[in-house]
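*Asks:* Take this structure, written in structure tokens, and hold onto it; I'll ask about it next.
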Amino acid sequence: MMTGSASATPRFPRFVFLLQLMDMISLSLVLPVLPALVGELAGTGASVYFWYGVATFAFAVCFFFSAAVMGKLSDRFGRRPLMIVNCAGLALGNFLCAMAPGLAVLIAGRALCGLSSANIPLAQAYVADRSASSERGRAFGLLGAMQGLGFIIGPMIGGYLGSGDLQIPFFAAALFTLAGGVAAVFLLRESLSRQRRQWTGGGLHPLAALAQLRRLPGFGPLVPAVALVMLAANIVIISWVPYATVRFGWDTAQNGWGLFAFGLSAMLSQGLFFPHAVKKFPVRLVCLAGLFSLAAAYLAFGLAERGWMVFVFMAANLAGYSALVAFQTLASDGADEQSQGATMGGLQALNNLALIVAPGFTAALLMAMACFPASDWRTGLPLYFCAALIGGALVLAARRLASSDPLEG
């Protein structure tokens, strides 16, 4: 396992956390306004849900390929150059979306954003490079907290900026990422020494990364459970703004605050709860507790009759978002120091595969939701479906984690 020497420590080792924050702000800034912008370009009616699904699908497909490929390339060429390239691509993609005269350019811009979003797994690999095995869970938790913080700041800003002009959040997202890329040129130091760089084998495509993840010692049996959690999380993210708009009558600014609360909940869970919990309990038990909490929270979101209730349930879900960080920690601990990039890329590719599948489920769930009055409990159908997915993941994970060390045998 990677221990890292003091002499090899980069001059600014914590900058990767700031860069991850800026990238997440950029990615989440546009979430409150993307459905409305699609509607502005596509017109009214059921076609809005279709084109919203297409835009999300384009992002997901491109992210699926880039995460796995760049994770593997970073094991050979280092993390820093690819992270800088991603910043430039994400800025350009958001500029395209901001200036889109029609749906074709908007979808192309979202596709480019997907291709350029691989800094998420690259940052995870960077952290794995610089962390001893005993410290990795805490480091991943802090990185997850930065992602959660970005998800707090981004939607809140995007919701207010978009209330006057739907294009402004995309311009703001581009500027955030561009600033991060310029800063990375001067402040980000490479985490992977030339002596440790190597080609880890296998094909340069996402299916190879997924196959490698499935073969990871001890972690392979957990992959189906991780996939269900990721599918549920992506369905919730995609469907939340349309759901809250119908169920609670929220406007753009209120949806921004709702996404803000999601980000705050994730940040506290991953950055506060998880690092403290793994000091007292095995990672596997923290993972199971998180899955149980998350399933209960999604069910409660669907049953909520008033918008304020959602915020109460989010506060109660302190353990929920630690489950994915726990899975990430288990995967990293099962990988050797030469394949951290491929492993993190494989996990991100799995998430992106879920994101590819999620729009189809989401569109069907939202259309079914539209058949019921806003006050009907059945309007919560998208959230009930996600609660069932997490429940399935809990059953699958418990078979592996409840009574044994997941890295054994």
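*Asks:* Being more than 24 Å from Lys72 (Cα to Cα), of a type in the set (Gly, Ala, Ser) and at pLDDT below 80: is that true of Gly148 here?
*Replies:* yes
*Asks:* Name, by its number, the condition in (1) closer than 19 Å to Tyr321 by Cα; (2) surrounded by fewer than 21 Cβ atoms within 10 Å (Cβ to Cβ) that does not hold for Trp377.
*Replies:* It is condition (1) that Trp377 fails.
*Asks:* Take the residues in segment 166-193 that are assigned to a helix (DSSP H, G or I) and not aliphatic (A, V, I, L, M), then tell me which one is surrounded by the fewest Cβ atoms within 10 Å (Cβ to Cβ).
*Replies:* Out of the qualifying residues, it is Phe186.
*Asks:* Any residue at all in segment 325-340 that is crowded, with 22+ Cβ neighbours inside 10 Å, farther than 15 Å from Val226 by Cβ and in contact (Cβ under 8 Å) with a residue 40 or more places away in the chain?
*Replies:* Within segment 325-340, one or more residues are crowded, with 22+ Cβ neighbours inside 10 Å, farther than 15 Å from Val226 by Cβ and in contact (Cβ under 8 Å) with a residue 40 or more places away in the chain.
*Asks:* Can you pull out the residues in segment 345-374 that are surrounded by fewer than 20 Cβ atoms within 10 Å (Cβ to Cβ), over 18 Å from the mean Cα position of the chain (by Cα) and in contact (Cβ under 8 Å) with a residue 40 or more places away in the chain?
*Replies:* Residues satisfying the conditions are Gly360, Met367, Ala370, Ala374.
*Asks:* Further question on the same structure: Within segment 320-376, restricting attention to residues that are under 30 Å from Trp51 (Cα atoms), outside any helix (DSSP H, G or I) and not aromatic (Phe, Trp, Tyr), which residue is modelled with the lowest pLDDT?
*Replies:* It comes out as Ala370.
*Asks:* Does Val236 satisfy the criteria of being closer than 30 Å to Ala364 by Cβ and crowded, with 21+ Cβ neighbours inside 10 Å?
*Replies:* Answer is yes for this residue.
*Asks:* I'd like to know if segment 170-178 contains one or more residues that are closer than 25 Å to Gly78 by Cβ and either touching a Ser or Thr at 6+ places or on another chain (Cβ under 8 Å) or modelled with pLDDT under 90 (or both).
*Replies:* yes
*Asks:* Which one of these is more than 19 Å from Asp165 (Cβ to Cβ), touching a residue at least 60 places away in the same chain (Cβ under 8 Å) and buried (at least 18 other Cβ atoms within 10 Å of the Cβ): Cys87, Cys97?
*Replies:* Only one candidate passes the filter, namely Cys87.
*Asks:* Let me ask something else. Filter segment 348-389 for residues that are of a type in the set (A, V, I, L, M), touching a Pro at 6+ places or on another chain (Cβ under 7 Å) and closer than 26 Å to Ala125 by Cα and give the result.
*Replies:* Within segment 348-389, just Ala349 meets the criteria.
*Asks:* Next question, about the same structure. Is it the case that Ser131 is in contact with a helix residue (DSSP H, G or I) (Cβ under 8 Å, 6 or more places away or on another chain) and surrounded by fewer than 24 Cβ atoms within 10 Å (Cβ to Cβ)?
*Replies:* Answer is yes for this residue.
The values are calculated or read from the model by the stated rules, or taken from the named source; none is laboratory data. Since this is a predicted model, take the numbers as computed values, not measurements. As a convention, Cβ positions derive from the backbone with ideal geometry for all residues, glycine included, and neighbour counts pool all protein chains shown.
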